[in-house]
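S.K.: Below you'll find the structure I mean.
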Amino acid sequence: MPRTMFKARRAHLLCSTGLVAAGIALCAPSIALAQTTGDNTNTIETVVVTGSRLGVTSAYDAPTPVTLISADDIKMSGTSNIESLLNQTPQFVGATNGGPSSNTQQANGGSGGAYINLRGLGEVRSLVLVNGRRFTINGTNDTTDLNTIPTALIDRTEIVTGGSSAVYGSDAIAGVINFVMKQDFSGAEVDAHTNFDSDTGTPTYSLDLTVGANFDHDRGNVAVSMDYLNRGGIEQAQVPYAVNPLSETCVTPSSYSKTLPGTANGASAAGCAASGGRMGFTAGGSSSTPDGQFLTAFTGSDATLTGLETAAGLAGLGNNSFTFNDAGTTARLSNNPTDLYNLTATNFMQIPQERWMLNSFAHYDIAPWITAYAEMHFSNNTVDVQLTPSNLGGQSILVNTDNPYLSPAMDAVLVRLDQLETGTTSITEGSKTFTTTPNDGLAILKMNRRFVELGDRVDSVNRVAWRFAGGFKGDVGSVSDDYLKDMSYDIYYDYARTVDTNFLTGVGSRSAIQNAILSQGGNPPVCDVFGAAMTTACVAAVGITDSYTTKAEQAGAVATIKGTAFDVPDGPVLFDLGGEWRFNSAQYIPDPYLASGEPTGFNGSLPTKGDESVREVFGEVRVPVISGVPLIRKCTVNAAFRNSS
């Protein structure tokens, strides 16, 4: 249904020298106030600043504070990915998993993309523009990957936080970041970088080549930029301070360390001091281990079962877990945190990346009142997201009560568990469901096991993006000397398409693992999951490779007209009026394994697709209310609206 958004901006009441300076600091860096010609006269230039579609000729006219990052800032930082520099500004919240630092750091399932997250409100509420226009999108969230931004062509970056939805649309609720590209670039520029991190010496190579030229007596300009980036990966195990996952807890004074794990004394944080301990660190980790940690499904009390557990070396098991030695020949009670598995050692602190990118910007003055312009983008970005080996965590499994890989004492425990079952129990693993009944030769265990034999989980992501924008703009003069003066227009169409292809390795099939644990046709089970004893044949039986593809498209057309509506005693009343049509579509295509929930270590998900189309009318007005009076240099009221359907 139609919705209308109104935004009334704050009036600028600059009532002292200090406030005037603050206003200039907020707005002046991205505004050219004047240019001096050879005859020493001043020519006032109107510039559009992010946060408004209306031009300004004075810092006091800017409706919202703008943070500026210049081309020199980017060059001095030595960064090849713009999000590394953005993360150093307070407006951006660092995050993994779709946050602005997921391009270099990861959490489980990190995409290797780089997204803006203004004020922590999420990337879907933060809009990315290039030259004031929408850029490429990817994924089902229709967000912009900053890997597609041509760093070498950036002239300045303007950042506006706070609601900008009335000016740009509902996806600008948290704010807008606008990358303004160099105009009229002429000549050639080569920029080559080699960076090494201090901990591991891992290199990052980048090469940017930009060429441009004016033509037809400077009526037109074409600029083309090629970018190549090759960045090595850094595992956490390579960096001493990142090797161990740490949890804050109360430790014994003798084991306390500022950086290393100590020994927990059992007290809570509130009671730590009273117990004589100190708040420190203990080693964290996962109970899904290569040797496996197992629990019995029976939660009641049975003297016979307790006796059999004691005979198998599991005295006092109760509801606790048990594990095995590496060979799987001896069972014992789990000893956590000693037995916990280090989840972080093989994860990347810096994700390896290879990127090719080509961008082109062109414009041509057809006549004094019309300029044609076009923008083109292509990028191919490949990253390998590496995670700790996959696992089954707490899932119920069925085990033969005469399992040949277990001791007779452990088999006796399984026989008793089978006898204690009640009714029919169904267990679903992946695409298959298995059932068991009392005394059928199958017992239920809950398994936490890390399948290190399958290797590290790797999500190899290839992201290919295309984008084109083209349009016409110009100044059409004035209708009269009294109203509708200094009119200008801008009409353009843009289209973007992104295809993500993900290949997942180091993955096991849930149903295949359950099948391989059971005896088939009287033969021993293919897999021994008790201890770190999975054979090559077992790995071949349960290992799979998954893939999925995500496609996203965006098309849009925008037409605006703006100028001076009329004059009031304190200055001109400026207005902007326009319309926008936008169409977004996305499609997620998983392979059959992912669609049925088979993979270990990656979430299963069904295929999905959808699209949305929006038609909007928007406008903006700036009215000078007071100027040149004591204590108030200038007071301007700004208002904007947008109606969407």
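S.K.: Per 0.36 nm of contour for each residue apart, how much would the distance between THR200 and ASP567 grow if the chain were fully extended, relative to their Cα-Cα spacing? Mind showing how you got there, number by number?
M.R.: Details: separation 367, 0.36 × 367 = 132.12 nm, distance 6.43 nm.
Once the chain is fully extended between THR200 and ASP567, it gains 125.7 nm.
S.K.: Is the C-alpha gyration tensor of the stretch 178-302 telling us rounded, prolate or oblate? Criteria: a/c under 1.5 is rounded; beyond that, a/b larger than b/c is prolate, otherwise oblate. Mind dumping the intermediate values first?
M.R.: Working: a/c = 3.63, a/b = 2.87, b/c = 1.26.
It comes out prolate by the Cα gyration axes.
S.K.: Still on this structure, I have one more. Could you sort 550-562, 328-340 so that the peptide with the highest average Cβ count within 10 Å comes first and the rest follow in order? Walk me through the intermediate numbers first.
M.R.: Numbers: 550-562: 18.8, 328-340: 16.1.
My ranking of the peptides, most packed first, is 550-562, 328-340.
S.K.: Further, regarding this structure: Run the quick spin-label model on THR435 and TRP356: label points 7 Å from Cα toward the beta carbon, then report their separation in nm to one decimal.
M.R.: About 5.6 nm, to one decimal.
S.K.: Another question, then. Would you work out the charge dipole size for the chain about its Cα centre, treating the Cβ of every Lys and Arg as +1 and the Cβ of every Asp and Glu as -1, and quote it to the nearest 20 debye? The partial results should precede the final answer.
M.R.: Details: 39 positive and 61 negative charges, 258 e Å.
With Lys and Arg at +1 and Asp and Glu at -1, about 1240 debye.
S.K.: I'd like the FRET efficiency for SER268 and ALA555, computed as 1/(1 + (r/R0)^6) with the beta carbon distance as r and R0 of 60 Å, rounded to 0.05.
M.R.: Details: r = 58 Å, r/R0 = 0.96.
So, using R0 = 60 Å, E works out to roughly 0.55.
S.K.: Could you look at the stretch 581-637 and say what percent of its accessible area is carbon and sulfur, using a 1.4 Å probe and all protein chains?
M.R.: Working: 1880 of 3060 Å².
For the stretch 581-637, the apolar C and S fraction of the accessible surface comes to 61 percent.
S.K.: Against the longest principal axis of the chain, how steep is helix 17-27, in degrees 0 to 90 to the nearest 10, with axes from Cα atoms?
M.R.: Relative to the chain, helix 17-27 is tipped by roughly 70 degrees.
S.K.: When the Cα atoms of the stretch 350-397 are enclosed in a convex hull and the volume is divided per residue, what value in Å³ results? Mind dumping the intermediate values first?
M.R.: Values: hull volume 8.0 nm³, N = 48.
That works out to 167 Å³ per residue.
S.K.: Rounding to the nearest 20 debye, state how big the charge dipole of the stretch 427-505 is about its Cα centre with +1 on each Lys and Arg Cβ and -1 on each Asp and Glu Cβ. Display every interim value, and only then the final one.
M.R.: Working: 10 positive and 12 negative charges, 138 e Å.
My answer is approximately 660 debye.
S.K.: Okay, moving on. Determine, for each peptide in 252-261, 444-453, 528-537, the mean count of other beta carbons within 10 angstrom over its residues, then list the peptides with the highest first. Show your work: numbers first, answer last.
M.R.: Details: 252-261: 12.8, 444-453: 22.2, 528-537: 19.0.
Result, highest mean Cβ count within 10 Å first: 444-453, 528-537, 252-261.
S.K.: Same structure again: Whenever you get a sec, compute what percent of the accessible area on the stretch 241-297 sits on carbon and sulfur atoms (1.4 Å probe). Don't skip to the end; give the middle numbers.
M.R.: Working: 1580 of 2910 Å².
Roughly 54 percent, rounded to a whole number.
S.K.: Which of (i) 28.8; (ii) 34.8; (iii) 38.1 is the computed mean projected area of the Cα convex hull in nm² for the structure on display?
M.R.: (iii)
S.K.: Express the relative contact order of the chain as a whole percentage, based on alpha carbon pairs under 8 Å and six or more residues apart in sequence. Please report the intermediate quantities before stating the final value.
M.R.: Working: 1683 pairs, mean separation 85.9, N = 645.
It rounds to 13 percent for the chain.
S.K.: Okay, next question. Decide, for the stretch 262-350, between rounded, prolate and oblate: order the square roots of the alpha carbon gyration tensor eigenvalues as a ≥ b ≥ c, take rounded if a/c falls under 1.5, and otherwise choose prolate if a/b is larger than b/c, else oblate.
M.R.: Working: a/c = 2.75, a/b = 1.36, b/c = 2.02.
Oblate, since a/c reaches 1.5 and b/c is not below a/b.
S.K.: With the cut-off at 1.5 for a/c, could you classify the stretch 318-439 from its C-alpha gyration tensor as rounded, prolate or oblate? Please report the intermediate quantities before stating the final value.
M.R.: Working: a/c = 5.30, a/b = 2.86, b/c = 1.85.
Prolate is the answer for the stretch 318-439, as a/c is 1.5 or above and a/b outweighs b/c.
S.K.: If you don't mind, another one. Rounded to the nearest 20 debye, what is the charge dipole size of the stretch 590-645 about its Cα centre when +1 sits on each Lys and Arg Cβ and -1 on each Asp and Glu Cβ?
M.R.: Numbers: 6 positive and 6 negative charges, 142 e Å.
That gives the stretch 590-645 a dipole magnitude of about 680 debye.
S.K.: Using a probe of 1.4 angstrom, how much of the accessible area of the stretch 169-218 is carbon and sulfur, in percent? Don't jump to the answer; show the numbers that get you there.
M.R.: Values: 1350 of 2560 Å².
That share works out to 53 percent.
S.K.: Among VAL66, ASN638, SER80, pick out the residue whose Cα is farthest towards the positive end of the charge dipole of the chain, where Lys and Arg carry +1 and Asp and Glu carry -1 on C-beta, about the Cα centre.
M.R.: Going by the Cα projections, it comes out as ASN638.
S.K.: Against the longest alpha carbon principal axis of the chain, how many degrees, from 0 to 90 and to the nearest 10, is the axis of helix 408-419 turned?
M.R.: Roughly 70 degrees between the two axes.
S.K.: Something else now. Note down the nm distance, to one decimal, between modelled labels 7 Å out along Cα→Cβ at ALA213 and at ASP482.
M.R.: Here the modelled spin labels are 5.3 nm apart.
S.K.: Another question about this same structure. Going by amide H atoms built from the backbone, whose H comes under 5 Å of the H on GLY162, apart from near neighbours?
M.R.: Sorted by chain and number, the residues that satisfy this are GLY175.
S.K.: Quick one: if the Förster radius is 25 Å, what FRET efficiency do ALA315 and ASN336 give, using the C-beta to C-beta distance and rounding to 0.05?
M.R.: Working: r = 18 Å, r/R0 = 0.71.
With R0 = 25 Å, the Cβ-Cβ based efficiency is 0.90.
S.K.: Here's another thing I want to ask about it. Evaluate E = 1/(1 + (r/R0)^6) for ALA192 and VAL625, where r is the Cβ-Cβ distance and R0 equals 60 Å; express this FRET efficiency to the nearest 0.05. Walk me through the intermediate numbers first.
M.R.: Values: r = 53 Å, r/R0 = 0.89.
Here the calculated transfer efficiency is 0.65.
S.K.: Using amide H atoms built 1.01 Å from N in the peptide plane, name the residues 5+ places from PHE135, or on other chains, whose amide H lies under 5 Å from its own.
M.R.: Hits under the 5 Å cutoff: VAL130.
S.K.: Per-residue ellipticity at 222 nm for the chain, helices alone: DSSP H runs ≥ 4 residues times -39500 (n - 2.57), over residue total, nearest 500 deg cm²/dmol?
M.R.: On the way: 9 runs with 67 residues, N = 645.
-2500 deg cm²/dmol, from helical runs alone.
S.K.: Using a 1.4 angstrom probe, figure out how much accessible area the chain has per residue, in square angstrom, rounded to the nearest whole. Present the calculation step by step, with values, prior to reporting the outcome.
M.R.: Values: 28100 Å² over 645 residues.
I get 44 Å² per residue for the chain.
The values are calculated or read from the model by the stated rules, or taken from the named source; none is laboratory data. Just so we're clear, the structure is a prediction, and the values are computed from it rather than from any experiment. Heads up, the Cβs are rebuilt from the backbone with ideal geometry, glycines too, and the neighbour counts pull from every protein chain shown. Quick note on the areas: whole protein, heavy atoms, side chains included, nothing else; ligands and nucleic acids left out. Shrake-Rupley method; radii C 1.70, N 1.55, O 1.52, S 1.80 Å.
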